[in-house]
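Chemist: Provided herewith is a single structure, encoded as structure tokens, for subsequent inquiry.
The values are calculated or read from the model by the stated rules, or taken from the named source; none is laboratory data. Keep in mind it's a predicted model, so treat the numbers as computed, not measured. Please note: Cβ atoms are built from the backbone with ideal geometry, for glycine as well, and neighbour counts cover all protein chains shown. Keep in mind that these areas ignore ligands, DNA and RNA; they rest on the heavy atoms of the full protein, side chains included. Shrake-Rupley method; radii C 1.70, N 1.55, O 1.52, S 1.80 Å.
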Amino acid sequence: MGIIVDITFDKPDPDIAEVTIIGTGGYGESCVIHMGNGEWAVVDSCFDPSYENCLPLLYLKEIGVDIKSEVKLIVCTHWHDDHIKGISQLYLNAEASEFCFSSVVDLKKFLQLVKLDYTKYNGQKISNSSTVEFNKCLEILEQRTVPPKKASKNNVLYTARTQLSQIISLSPSDRSQLDFDHDISTLINGFGENKRIIINEPNSTSVVLFLKLGQHRAILGADLEVSGDNQTGWLDILDNHQNILDKKSSLLKISHHGSENGYHNRIWLELLIPNAIGQLTPYNKGYKLPKESIIRKYLSHTPDLYITSNVTLHDKPKTRDKQTEKMIRAFNTTVRESKFYLGIVRSRIPLNDVNANWSTELFGKALKL
Amino acid sequence: MFNDRFEIYTLSIVFLGDFNPVIVQPFWLANKKLIGEREAEDIDIKLIHKDLVSFKADWFTLELNKARFEIRTSQQPYFEAIRDLTLGTFKFLKETPINGLGINHIFHIPFRDAEQNRQLGYSLVSLDKFSGFFRDPRVLNLQVVEQKRADGRTGNVSVALSPSTETTSKWGLAININDNFMLAPDQTGRESELVELLNSEWQNSLDRAKIIADGIWSTFAAE
Amino acid sequence: MKTVTEANKSSILELPVTKSLDGSNLINETVYQIISDQIVVVQSSNDSSKKDATVVNDGNWLDFDVPKQIGLFAPPAKKNYFNRSQKWIGHILRINEDNTFSAKLEDLNDLTTNEYAEFSLLEVSPDDHELLDVGSVFYWSVGYENKNGTVRKASVLKFQRLPIVDDAEIKRRIALIDDVVDNVDQLIKKISWE
């Protein structure tokens with residue numbers, strides 16, 4: 001079964017870079033990157049809830065990538081959110097891949113928190129799948145001899161064989177790591193079996209990536225936001241990028257589903273070329289993102305804005321038998337399903353042609369805004 | 001769908017072991033925050049004795065004697081809650097010797113009429129072979145056991161069929177599925193594993209019971 | 001076997017008398033009572049041929065096999081059940097200012113897509129209010145409740161209780177954390193930043 005029925009995806013040529021985002025409307029998102037010459041990286045993961053199959057893995061298999069040897073880097077930009085569903089399946093298959101996650105001040109304490117949360121689930125089907133996924137990755141890491149990569153400010157995560165492409169992390173900042181360290185302590189102290197761990201500010205430790213793809217550049221914004229503190233979030237990157245970002249980028253994977261806090265005018269003015277391509281995934285759980293007002297802001301920067309599926313707030317519960325549906329309505333009219341909407345935005349560009357433009361195609365529910 | 005067939009689904013959790021019944025009383029449970037205080041006040045206590053404790057809340061019935069702990073409910077919204085209550089209780093009583101766990105599922109299904117009731121008997125057993133010596137043979141009870149668990153754990157799964165008097169119909173079938181886990185003789189000291197099994201096998205047990213009950217109904221009773 | 005005489009019948013006549021609706025099948029419930037420091041188990045009998053009660057003295061137990069004609073029956077099991085239910089496990093995402101909370105719901109009958117909903121705090125039992133917090137886990141069911149023959153639609157919201165309260169449990173938690181720390185110490189030897 002292909003990732004999208006009736007659509008056949010093709011593999012890019014060795015000299016073609018690719019940045020593809022896969023969105024699901026609520027079951028994770030993933031970015032698949034071809035750095036050239038058969039070297040691939042995957043950022044985060046997502047799955048189809050009906051089949052629980054890792055979608056970036058399925059995509060790569062479908063285009064004929066040798067997962068075992070050609071996937072070189074897997075980046076987990078958040079550990080505790082719906083961003084990594086299926087990532088352990090991918091990592092298990094990608095035997096030559098390095099595994100990267102957001103740097104933390106106290107790795108041991110972070111691992112304690114993750115393991116504590118994991119002990120609650122004990123094989124039950126109902127689980128906080130991000131914790132289970134992350135733990136599975138830790139188990140794989142333990143078995144392999146390669147240490148994890150630390151994603152932090154201005155850290156080179158991977159350099160391609162040809163030296164033409166690189167992946168560099170731009171966050172989290174030192175201050176964000178310190179703040180998160182405090183959060184971890186609080187969570188460990190408050191560990192309770194009746195609660196799911198909810199991290200209040202997960203996005204401050206989100207990993208933003210700068211991609212050098214031959215002659216071209218791209219930024220993947222993950223879920224980083226603009227905070228009031230210029231030592232964290234986007235402001236820290238904007239104030240400190242000069243030595244790292246050698247060129248402006250022509251593609252931006254817009255952060256945090258196009259939220260207000262994921263936007264800053266300076267990102268478009270200082271980090272991106274005019275009319276850079278924008279890719280994003282929507283948020284449909286409880287409230288809608290991006291809002292109309294922010295879409296207009298983005299469109300003022302670029303005519304090429306793509307989203308993996310429409311911004312819809314499905315306002316009905318799951319389809320069930322009529323009697324059950326009636327009963328649910330009788331007691332709670334606010335129940336609404338987070339529907340699975342698969343959309344793929346695929347952008348490709350010749351690595352070595354400095355004058356080339358991105359060529360973007362849309363699949364599934366993806367559309368141009 | 002099988003969920004539409006049964007009228008009543010009673011779930012009970014049974015531990016076999018060596019207990020001190022008098023510890024487990026409503027106010028002890030409330031004190032441990034395993035139930036609410038108001039709930040504890042409303043509990044109907046049948047008996048508190050050093051050898052036997054029996055009480056009934058709005059959503060569960062609990063009986064504990066020196067060898068057997070049982071908690072049960074016929075209210076599906078509280079199935080997970082009785083599991084949690086059991087897990088919580090035995091977390092506090094973690095030194096208690098336990099050698100067996102049973103997760104028991106009893107489905108009460110109404111028959112359409114007496115004829116369907118009678119046909120079930122003929123479907124289960126070759127009753128015509130009894131006609132040489134019984135004028136009107138009927139099946140009253142039947143029990144089948146899977147002696148070796150398919151999941152490889154020590155214990156067995158059994159199903160008992162008997163008439164049900166609980167349904168709204170005059171004729172009903174009770175399908176009683178006992179999902180039993182035991183400690184092997186060389187496993188003393190590993191009682192906490194049985195408590196953990198209640199947690200880890202919970203969903204499997206529910207799924208297994210529905211499959212068995214649905215299979216029995218479809219095979220022997222459905223037309 | 002000792003026969004129950006009129007004299008000692010009186011001590012157990014305190015048990016309520018009951019019959020089923022059609023007078024035929026009796027609901028079989030076990031009732032206990034302490035008599036002279038011995039536990040009495042009384043169970044109704046379906047054996048209509050029994051004319052007199054018999055007592056079996058087995059150590060601490062006295063079994064009364066009671067014929068229905070005498071009327072020393074156990075009270076009928078109160079029918080209190082719930083069926084055709086739709087069940088979810090949820091956890092609180094946010095407690096809102098308008099006395100509601102927002103939650104993510106996982107359908108226990110269909111573990112594919114998730115749902116989200118708001119609930120009023122009025123739906124939470126007073127006993128469960130202390131459990132209200134971001135991340136708290138609860139069970140929600142809707143279905144048909146049958147209480148002593150009266151059927152009605154019902155919604156049940158119950159918070160999970162697996163508490164850690166007393167010193168013993170705190171010690172257990174510390175032991176668990178210690179185990180985790182030990183495991184993590186091992187893990188750290190194998191996993192450290194490049």
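Chemist: Here is a check on your reading of the model: is A:LEU272 among the hydrophobic types (A, V, I, L, M, F, W, C), under 22 Å from the mean Cα position of the chain (by Cα) and surrounded by fewer than 19 Cβ atoms within 10 Å (Cβ to Cβ)?
Modeler: no
Chemist: Being of a type outside the set (A, V, I, L, M, F, W, C) and without any contact (Cβ under 8 Å) to a residue 60 or more places away in the chain is the filter here, so list the residues in the stretch A:46-60 that pass it.
Modeler: Hits for the stretch A:46-60 are A:TYR51, A:GLU52, A:ASN53, A:PRO56.
Chemist: Among what's in the stretch A:328-354 and is more than 7 Å from every other protein chain (Cβ to nearest Cβ) and closer than 19 Å to C:ALA103 by Cα, pick the residue that is least open to solvent (accessible area, probe 1.4 Å).
Modeler: We begin by selecting, within the stretch A:328-354, every residue more than 7 Å from every other protein chain (Cβ to nearest Cβ); these are A:329, A:333, A:341-354.
Now narrow it down to the ones that are closer than 19 Å to C:ALA103 by Cα: A:329, A:333.
Working: A:ARG329: 137, A:THR333: 113 Å².
Here the residue is A:THR333.
Chemist: I need the full set of residues from the stretch A:58-74 which are open to solvent by less than 10 Å² (accessible area, probe 1.4 Å) and in a helix (DSSP H, G or I), in order please.
Modeler: Matches in the stretch A:58-74: A:TYR59, A:LEU60.
Chemist: Moving on to the next point. Can you work out which of the residues in the stretch A:301-328 that are outside any loop (DSSP other than H, G, I, E, B) and of a type in the set (S, T, N, Q) is nearest to the chain's Cα centre (by Cα)? Outline the logic, then answer.
Modeler: Narrowing the stretch A:301-328 to residues outside any loop (DSSP other than H, G, I, E, B): A:301, A:305-307, A:322-328.
Narrowing further to those that are of a type in the set (S, T, N, Q): A:323-324.
Details: A:GLN323: 39, A:THR324: 36 Å.
Step by step, filter the stretch A:301-328, then rank; the result is A:THR324.
Chemist: Out of all the residues in the stretch A:260-269, which are more than 20 Å from A:LYS212 (Cα to Cα), over 18 Å from the mean Cα position of the chain (by Cα), part of a helix (DSSP H, G or I) and not charged (D, E, K, R)?
Modeler: Passing the criteria: only A:ASN265.
Chemist: Among the residues of the stretch B:98-113, what is the count of those that are away from chain C (no Cβ under 14 Å) and either surrounded by 16 or more Cβ atoms within 10 Å (Cβ to Cβ) or outside any loop (DSSP other than H, G, I, E, B) (or both)?
Modeler: Total meeting the criteria: 8.
Chemist: Looking only at the stretch A:90-99, decide whether some residue is within 16 Å of A:ILE3 (Cα to Cα) and in contact with a His (Cβ under 9 Å, 6 or more places away or on another chain). It would help to see each step written out before you state the result.
Modeler: Taking the stretch A:90-99 as the starting set, the residues that turn out to be within 16 Å of A:ILE3 (Cα to Cα) are A:90.
Still in the list and also in contact with a His (Cβ under 9 Å, 6 or more places away or on another chain): none.
Among the residues of the stretch A:90-99, not one is within 16 Å of A:ILE3 (Cα to Cα) and in contact with a His (Cβ under 9 Å, 6 or more places away or on another chain), which makes the answer no.
Chemist: Which of the numbered conditions does A:LYS322 fail, given that it passes all the others? Conditions: (1) crowded, with 19+ Cβ neighbours inside 10 Å; (2) within 14 Å of chain C (Cβ to nearest Cβ); (3) of a type in the set (Lys, Arg).
Modeler: Exception for A:LYS322: condition (1).
Chemist: Residues being assigned to a loop (DSSP other than H, G, I, E, B) and within 21 Å of A:PRO282 (Cα to Cα): count how many of those fall in the stretch A:228-259.
Modeler: 2
Chemist: Quick one: what pairs do we get from the stretch A:144-171, first residue without any contact (Cβ under 8 Å) to a residue 12 or more places away in the chain, second among the aliphatic types (A, V, I, L, M), C-beta under 9 Å, 6+ apart or different chains?
Modeler: A:PRO147/A:LEU141; A:PRO147/C:ILE191; A:THR159/A:ILE167
Chemist: Identify all residues within the stretch A:1-34 that are free of Cβ contacts under 8 Å to residues at least 60 places away in the same chain and of a type in the set (S, T, N, Q); write none if there are none.
Modeler: Answer for the stretch A:1-34, where residues must be free of Cβ contacts under 8 Å to residues at least 60 places away in the same chain and of a type in the set (S, T, N, Q): A:THR8, A:SER30.
Chemist: Which members of the stretch B:154-181 meet the condition of being more than 19 Å from B:PHE107 (Cβ to Cβ), buried (at least 18 other Cβ atoms within 10 Å of the Cβ) and in contact with a helix residue (DSSP H, G or I) (Cβ under 8 Å, 6 or more places away or on another chain)?
Modeler: Of everything in the stretch B:154-181, just one residue is more than 19 Å from B:PHE107 (Cβ to Cβ), buried (at least 18 other Cβ atoms within 10 Å of the Cβ) and in contact with a helix residue (DSSP H, G or I) (Cβ under 8 Å, 6 or more places away or on another chain), namely B:PHE181.
Chemist: What number of residues within the stretch A:214-242 satisfy the criterion of being out of contact with any strand residue (DSSP E or B) (no Cβ under 7 Å at 6 or more places or on another chain) and under 24 Å from A:ALA17 (Cα atoms)?
Modeler: Total meeting the criteria: 4.
Chemist: Restricting to the stretch A:256-309, what's the tally of residues that are out of contact with any strand residue (DSSP E or B) (no Cβ under 8 Å at 6 or more places or on another chain) and in contact (Cβ under 8 Å) with a residue 60 or more places away in the chain?
Modeler: Result for the stretch A:256-309: 1.
Chemist: Just to be sure, is A:ASN357 more than 19 Å from the chain's Cα centre (by Cα), open to solvent by 10 Å² or more (accessible area, probe 1.4 Å) and among the polar types (S, T, N, Q)?
Modeler: When the stated conditions are applied, A:ASN357 passes them.
Chemist: Then there is this: With the checklist (1) part of a strand (DSSP E or B); (2) closer than 26 Å to C:PHE82 by Cα; (3) of a type in the set (A, V, I, L, M, F, W, C) in hand, flag the one item B:LEU16 doesn't pass.
Modeler: (2)
Chemist: Sticking with this structure for a sec: Within the stretch B:78-97, which residues are of a type in the set (Val, Ile, Thr) and crowded, with 22+ Cβ neighbours inside 10 Å?
Modeler: B:THR86, B:THR89
Chemist: So B:PHE220 clears everything in (1) open to solvent by less than 50 Å² (accessible area, probe 1.4 Å); (2) in a helix (DSSP H, G or I) except one condition, right? Which one?
Modeler: Evaluating B:PHE220 over (1) open to solvent by less than 50 Å² (accessible area, probe 1.4 Å); (2) in a helix (DSSP H, G or I) leaves (1) as the failure.
Chemist: Taking B:LYS148, is it free of Cβ contacts under 8 Å to residues at least 60 places away in the same chain, within 14 Å of chain C (Cβ to nearest Cβ) and open to solvent by 80 Å² or more (accessible area, probe 1.4 Å)?
Modeler: It is false that B:LYS148 is free of Cβ contacts under 8 Å to residues at least 60 places away in the same chain, within 14 Å of chain C (Cβ to nearest Cβ) and open to solvent by 80 Å² or more (accessible area, probe 1.4 Å).
Chemist: Only residues that are open to solvent by less than 10 Å² (accessible area, probe 1.4 Å), out of contact with any helix residue (DSSP H, G or I) (no Cβ under 6 Å at 6 or more places or on another chain) and at the interface with chain C (Cβ under 9 Å from one of its Cβ atoms): list them for the stretch B:48-74, please.
Modeler: Listed by number, the list holds a single entry, B:SER54.
Chemist: Inspect all residues belonging to the stretch A:207-226 and state whether any of them is away from every other protein chain (no Cβ under 12 Å), at pLDDT below 90 and open to solvent by 20 Å² or more (accessible area, probe 1.4 Å).
Modeler: Looking through the stretch A:207-226, at least one residue is away from every other protein chain (no Cβ under 12 Å), at pLDDT below 90 and open to solvent by 20 Å² or more (accessible area, probe 1.4 Å).
Here's the yes/no breakdown for (1) of a type in the set (Lys, Arg); (2) within 14 Å of chain A (Cβ to nearest Cβ); (3) under 21 Å from B:ASN3 (Cα atoms):
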| position | (1), (2), (3) |
| --- | --- |
| B:GLY172 | no, no, yes |
| B:ASP179 | no, no, yes |
| B:VAL195 | no, yes, no |
| B:TRP202 | no, yes, yes |
| B:ASP207 | no, yes, yes |
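Chemist: List every residue pair whose Cβ atoms lie under 7 Å apart, where the two residues are 6 or more positions apart in sequence or sit on different chains, the first residue falls within the stretch B:1-13 and is more than 10 Å from every other protein chain (Cβ to nearest Cβ) and within 22 Å of C:GLY149 (Cβ to Cβ), and the second residue, located anywhere, is open to solvent by less than 20 Å² (accessible area, probe 1.4 Å) and among the hydroxyl-bearing types (Ser, Thr, Tyr).
Modeler: From the stretch B:1-13, the pairs are B:LEU11/B:THR73.
Chemist: Looking at the stretch B:63-81, which of its residues are among the aliphatic types (A, V, I, L, M), at pLDDT below 95 and in a strand (DSSP E or B)?
Modeler: Scanning the stretch B:63-81 gives a single hit, B:LEU64.
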